[in-house]
Amino acid sequence: MGRLYIKKTHQFYANAKSERVRNTVSIRLVGSLIIGLVVPFVAIIGLFPITSRIEVSVLGFPFLYFWMFLWFGLTSVCLWISWCVFDRPYYVTESREKGE
């Protein structure tokens, strides 16, 4: 299903002559990338110098380790939010077309 969906959407966007459709795709893609990739990247790599200086223990772990493990779960949450906000409506229409 995933390959078929990607192929159909790629053909739709490649054949789109409307500037509005192209702008919608680019806004959707940029927003999805920011929430799904940039936010976790900045939180882990960008804040690393700040979190490495903190001397506090959380649940018996140094704060830096706690921060890294916390972002394992939060990255999944960011990806889920990105999918719900930007991509879910397109999957719903795809499954309705198939009659599922």
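The values are calculated or read from the model by the stated rules, or taken from the named source; none is laboratory data. From a predicted model like this one, the values you see are computed outputs, not experimental measurements. Virtual Cβ from ideal backbone geometry, glycine too; neighbours counted across all protein chains shown. What goes into the accessible areas is simple: the full protein's heavy atoms, side chains included, and nothing from ligands, DNA or RNA. Shrake-Rupley method; radii C 1.70, N 1.55, O 1.52, S 1.80 Å.
List the residue pairs whose Cβ atoms are under 6 Å apart, where the first residue sits in region 57-72 and is open to solvent by less than 70 Å² (accessible area, probe 1.4 Å), the second is of a type outside the set (S, T, N, Q) and assigned to a strand (DSSP E or B), and the two are 6 or more positions apart or on different chains.
Matching pairs, first to second residue: F66/V58.
Contact list please: Cβ distance under 8 Å, first residue in region 27-41 and under 16 Å from C84 (Cβ atoms), second residue among the acidic types (D, E) and assigned to a helix (DSSP H, G or I), pairs at least six apart or on different chains.
As it stands, the answer is R28/D87; S32/D87, since those pairs meet every condition given.
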